[in-house]
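The values are calculated or read from the model by the stated rules, or taken from the named source; none is laboratory data. Fair warning: this is a prediction, and the values are worked out from it, not measured in the lab. Quick reminder, even Gly has a Cβ in these numbers, built from the backbone with ideal geometry, and neighbours come from all protein chains shown. The area values use the complete protein model at the heavy-atom level, side chains included, leaving out ligands, DNA and RNA. Shrake-Rupley method; radii C 1.70, N 1.55, O 1.52, S 1.80 Å.
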Amino acid sequence: MCIKWLKYGWLIACLMGSVHAFANSTASTALERENELAAMSQDHTLALNQRIAATTMLGNFTGANAIIAVGRASRSQQAELRVASINAARNWQGRAKWDVVSPLLDDVDPRVQVHAFRTLAPLWPQLPEKYRTILDSAFDQRLSSIDDNTEGRLEKAWLYRMRHQYQESEQVLLLEWQSLEQQERRSS
């Protein structure tokens, strides 16, 4: 009986050692992957689409190399890399997301501005007043630049909801509903 327990004890000890070794190798593999992606994101000899993919995938990591590489991509001359940095930061929380994305609210490329705004807009209710002020001006700018079509009205309603302006959101949706009903009557 004692030998049986020793055999099982040895087996359990071996398994525990394997689990511990696996956990350590997984951690080092994740760090290696982060470092590899960070290097690829910043390697100007690579094709732009490879750098974009590496930058976007860095959003799954929160180590120093990921943050630095995504931050550098957010200041790239290529708009596509700036958008990739926004997509990466979308997975992050709070301050890291804000620090990478908020400067892009004033980007020269309207596509980058829209991506930055859509990433930060859901944070509005949680933001301190000084950050809300920055985002409020971006909200107002976005609201004034939205096209007057179905997609634009739906985005406008979403924006109002992000700022907890529920009555305004409801009014926009009600008008859109009425517009769609009128179009349906005309087509029948």
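Please list, ordered by residue number, the helices (runs of 4 or more DSSP H) wholly in the range 25-136 having 1 or more residues that are over 24 Å from ALA157 (Cβ atoms).
48-57, 64-73, 79-89, 94-101
Each row is one residue, and each column tells you yes or no for (1) at pLDDT 95 or above; (2) open to solvent by 80 Å² or more (accessible area, probe 1.4 Å); (3) out of contact with any strand residue (DSSP E or B) (no Cβ under 7 Å at 6 or more places or on another chain).
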residue: ASN35; (1), (2), (3): no, no, yes
residue: ILE67; (1), (2), (3): no, no, yes
residue: VAL70; (1), (2), (3): yes, no, yes
residue: ALA79; (1), (2), (3): yes, no, yes
residue: VAL83; (1), (2), (3): yes, no, yes
residue: ALA88; (1), (2), (3): yes, no, yes
residue: GLY94; (1), (2), (3): no, no, yes
residue: ASP106; (1), (2), (3): no, yes, yes
residue: VAL112; (1), (2), (3): yes, no, yes
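Quick one: would you say SER74 is open to solvent by 20 Å² or more (accessible area, probe 1.4 Å), out of contact with any His (no Cβ under 6 Å at 6 or more places or on another chain) and without any contact (Cβ under 8 Å) to a residue 60 or more places away in the chain? Quick ask: steps written out before the conclusion?
On the way: open to solvent by 20 Å² or more (accessible area, probe 1.4 Å): no; out of contact with any His (no Cβ under 6 Å at 6 or more places or on another chain): yes; without any contact (Cβ under 8 Å) to a residue 60 or more places away in the chain: yes.
So SER74 fails the test.
Determine if the range 60-76 includes at least one residue that is more than 30 Å from PRO125 (Cβ to Cβ) and among the basic types (Lys, Arg).
yes
Name the residues in the range 155-188 that are open to solvent by 90 Å² or more (accessible area, probe 1.4 Å) and under 24 Å from ARG118 (Cβ atoms), would you?
Matches in the range 155-188: ARG161, HIS164, TYR166, GLN167, GLU170, GLN171, LEU174, LEU175, TRP177.
Here's a check for you: in the range 121-132, which residue that is under 13 Å from the mean Cα position of the chain (by Cα) and of a type in the set (A, V, I, L, M) is most open to solvent (accessible area, probe 1.4 Å)? It would help to see each step written out before you state the result.
Taking the range 121-132 and keeping what is under 13 Å from the mean Cα position of the chain (by Cα), we get 121-123.
Subset that is of a type in the set (A, V, I, L, M): 121, 123.
Working: ALA121: 0, LEU123: 23 Å².
It comes out as LEU123.
Does SER179 satisfy being assigned to a helix (DSSP H, G or I) and modelled with pLDDT under 90?
So SER179 passes the test.
Please go through (1) open to solvent by 50 Å² or more (accessible area, probe 1.4 Å); (2) in contact (Cβ under 8 Å) with a residue 12 or more places away in the chain; (3) among the charged types (D, E, K, R) for ARG118 and return the number of the only condition it doesn't satisfy.
(2)
Considering only residues of the range 37-60 that are under 12 Å from SER85 (Cα atoms) and β-branched (Val, Ile, Thr), which is least open to solvent (accessible area, probe 1.4 Å)?
THR55
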